[in-house]
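Enquirer: Sharing a structure, written as C-alpha cells. Questions coming.
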C-alpha cells in the first residue's frame, strides 16, 4: 500500500479541511465538459472536478486529487463507480473517517 | 356515602308494605338447611338485611341463589328489593326476597343497625331448618366445634366483629349441627359456601378443583376442523371465552362433543359453562393468556344466559403500538390497531400442501410513527379485505383493529391473520376514536416508517441473528431444544468433492418429490425403500460438505439441494455427469476451484444431534445470498454507531 501520498476521505463539508492536500470523494455526476465534471457530493454540495472524465460516465464517479478550494478538486484519478452506489453509506464513512475513527486513516 | 338506605324500610316491610322497593344493605349471608340428604341445589340462603337502623333476616328465593353463588350479592352489597313478601310464621315476621337488584356490589356497613325485634333467635331456628326443627341437644352438640374453630383462628374473632355480630341470632351456635366445621376460610365462618358448581372467575380455574362453573362470553369461535392422525379420523373445534374479570380461556371439543356444542355456541353470547376437564393450553395453537384450556366432555353443560351481562366485555384487546412490533419475536400473537392507508389486491397463493388460498396485503399506520403490513389470508381477503379495499379506494381510510394477529419476520416484520384472528373495521372503541382523531388532524400527512419490507434487500430481514463463525462454538449454538437460526457472512474456503451428491428418488408422494436415497439394483434400476418401488431414473441432489471461513475462524457446514446449487452454480447432475460419466476431472476441478473464495450471507440452521454416543453440532445451510454491499455497509455502520 502506498502511504507516500495519502488521500483523505471527504464529502463536501470536509473539503475545506484539506485545501492544498490530496482528497478522495465520490460524486454524483450532474454534468460534464471537456476537462471538467460538475458533481454533487454525498452531502449535497456541488463540486467542480477539473480533469478528463472517462467516457462514458456512470452516475457515480470517484475523484482522487488535490482540493484546490472548498468546492474544487484538481483530479489525478477519475474512476467510474457505476449507477447503484449508495451515497448515504459513503457520507457516513467520511464522517467516521474524519471523526471518531480518524486515527485509523492516513 | 353515595347511596343512602331507605330509612325505616325494615319496619315498613314488617308492616306489610310490598311496594316500597327499598334500598337495603346485606350484612350477612348464610346457607341454611344443608345436609347430606338434601341435594345442594336445594340450598337456601338467608340474608341479614339492614336499613341502616335495624336489621332483619330475609330468605332468598331459590331462583336467586345464583346471585349469591356468583357473588353478585355478597356481604356488604347494597341491594334494591324489587319483589318480596313478608309473612307471619308462628308469630314471627319472615321476609322472602323474590327479586332484587344489586346496586353496589360492596360497601362498608352503613349506620349501626340493631336486630329488629320482629326477628330473634327462636324465629331463626325455625327458619334455619324448615320443617326440621333441630332438637335442642344438637345445638349443645355443636358447641365444641364452634369452640374449636375459634381456637384455631383466634384473630377471626376480630374479623367478624361487625355490628351484626353482637346480636344473639347471629351466633353460629344456632346453626344446625350438621354444618361442617366452619374454620378454614379466611372469611367470617358463615361465608362458607360450597354451593354446587359455583361460578368462579376463569382466572381461578385449575385442573385440581372438582366442580366449577364459569360465566363468560364467547369472543371467538373456530370452524370445525377435521384431522387424521395415527389414532384415526376426528374433528375438533374450539372457542374462546372472556369473563367479567378479564379472564380468558379456550374451550376445545372433539368428535361427538363437537356435535353437541358447535351449534349452541355463538360469538358474542354469554354462557354458563360447567363440567369439563382442564388441560395445559396448546401454546402453539392457543395464544390466550391462560395456561389451561377446557376440554368439554359429554357430561359438560353449556347454557346460554339469556340476559345480557354488561359486565363481561365483548372483546378484550391489548393493543401494541406498531413501533413495538418491530422488536417482538417472530410468531408472537398480538393485537394491533391502526389506520388502513392502502390495500393491495387479493392474489391467489399456492400453499405448500398444494391447496390454493388467497392473500391480500394492506398497510396499517398508527401514532407511533411506524407502519406495518398486515397480511390477510383466506376468507379474510374477500370478506374484510374487499370491504377495506372499497373504503380506501373511495379515499376513506378506515381504522382496523386486528385481534390475535401473528407476527412474521418474513420481510421485516409484518402481521398476518390466523384462524382465530378477528378483524374489526371502524370499531367503536376509545382507541379507535383516538386514532381516527389523530389521523384526521395531521396523522394522515405524517410519513410513517414501515417496519415491513424495508429489510435489507437480498440480505434477509433485519431481524436476522448475525453471528461470526467463532461465536457459533463460543455461544454453544444448537444445544437448546430448538435449533438456532443464524446468519454468517463467510467465504467458502473448501468444498469436499469425493462425495457431493446422492441419488434421490424421483417419485412423487402427494405433491412432493420423495427425494429419499435410492440404491441401484441393476442397470438403470433404482430402488427406493420408502416408496418400495423401482424407477428407471434417479435424481441427483446435492449433499455438499463445505468449509466456510470468516475473520474469526472456520467451520464445516452441510448444504442440501437448493443451497448446494447456489454454492456450486450448477445442478448436481451436471457435476455428477462431468465427474463420473465423462470423467473430465480437469474441468470438474476448474468448476470447483472457481466456486471457492466467494463471500456469501449464509443462513444456517444449527442443531446438536446425536450419532450413537456422539453429540455433534450439525450446521445446515438453508439459504445462500450474495453479499449486498449497500445493505452490508449499512449494517456495519449501524454496528459502529451503536457500539
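The values are calculated or read from the model by the stated rules, or taken from the named source; none is laboratory data. Bear in mind that the values here come from a model prediction, so they are computed numbers and not experimental data. Counting neighbours? That spans all protein chains shown, and the Cβs are built from the backbone with ideal geometry, glycine included.
One line per residue, one yes/no per condition, for (1) free of Cβ contacts under 8 Å to residues at least 60 places away in the same chain; (2) in contact with a helix residue (DSSP H, G or I) (Cβ under 9 Å, 6 or more places away or on another chain); (3) within 22 Å of residue B:615 (Cβ to Cβ):
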residue	(1), (2), (3)
B:484	no, yes, yes
B:520	yes, no, no
B:548	no, yes, yes
B:576	no, no, no
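Enquirer: Next up: Taking residue A:75 and the conditions (1) more than 14 Å from every other protein chain (Cβ to nearest Cβ); (2) touching a residue at least 40 places away in the same chain (Cβ under 8 Å); (3) out of contact with any helix residue (DSSP H, G or I) (no Cβ under 8 Å at 6 or more places or on another chain), which numbered condition does it fall short on, given that it satisfies the others?
Expert: (2)
Enquirer: Also: Residues that are under 17 Å from residue B:405 (Cα atoms): which strands (runs of 3 or more DSSP E) entirely in segment B:260-350 hold 1 or more of them?
Expert: Counting at least 1 such residues, we get B:333-343.
Enquirer: Go through segment A:90-99 and report how many residues are within 7 Å of chain B (Cβ to nearest Cβ) and buried (at least 18 other Cβ atoms within 10 Å of the Cβ).
Expert: Selection size over segment A:90-99: 1.
Enquirer: Considering only segment B:528-540, I want to know if a residue exists there that is farther than 25 Å from residue B:602 by Cβ and crowded, with 20+ Cβ neighbours inside 10 Å.
Expert: yes
Enquirer: Is at least one residue of segment A:56-64 within 14 Å of the chain's Cα centre (by Cα), at negative phi, away from chain B (no Cβ under 14 Å) and exposed (fewer than 13 other Cβ atoms within 10 Å of the Cβ)?
Expert: No; the residues of segment A:56-64 include none that is within 14 Å of the chain's Cα centre (by Cα), at negative phi, away from chain B (no Cβ under 14 Å) and exposed (fewer than 13 other Cβ atoms within 10 Å of the Cβ).
Condition check ((1) in a strand (DSSP E or B); (2) without any contact (Cβ under 8 Å) to a residue 40 or more places away in the chain; (3) within 14 Å of chain A (Cβ to nearest Cβ)) across all residues:
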position	(1), (2), (3)
B:602	yes, no, no
B:607	yes, no, no
B:610	yes, yes, no
B:617	yes, no, no
B:620	yes, no, no
B:623	yes, no, no
B:634	no, no, yes
B:637	no, yes, yes
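Enquirer: Answer yes or no: is there a residue in segment B:555-572 that is within 42 Å of the chain's Cα centre (by Cα), within 14 Å of another protein chain (Cβ to nearest Cβ), within 30 Å of residue A:81 (Cα to Cα) and surrounded by 12 or more Cβ atoms within 10 Å (Cβ to Cβ).
Expert: No: segment B:555-572 contains no residue that is within 42 Å of the chain's Cα centre (by Cα), within 14 Å of another protein chain (Cβ to nearest Cβ), within 30 Å of residue A:81 (Cα to Cα) and surrounded by 12 or more Cβ atoms within 10 Å (Cβ to Cβ).
Enquirer: Here's another thing I want to ask about it. Restricting to segment B:249-259, count the residues that are in a strand (DSSP E or B) and over 21 Å from residue B:317 (Cβ atoms).
Expert: So the answer is 3.
Enquirer: Within segment B:377-397, identify whether any single residue is modelled with pLDDT of 85 or more, assigned by TED's automatic domain parsing to the domain that holds residue B:437 and within 16 Å of residue B:334 (Cα to Cα), and answer yes or no.
Expert: Looking through segment B:377-397, none of the residues is modelled with pLDDT of 85 or more, assigned by TED's automatic domain parsing to the domain that holds residue B:437 and within 16 Å of residue B:334 (Cα to Cα).
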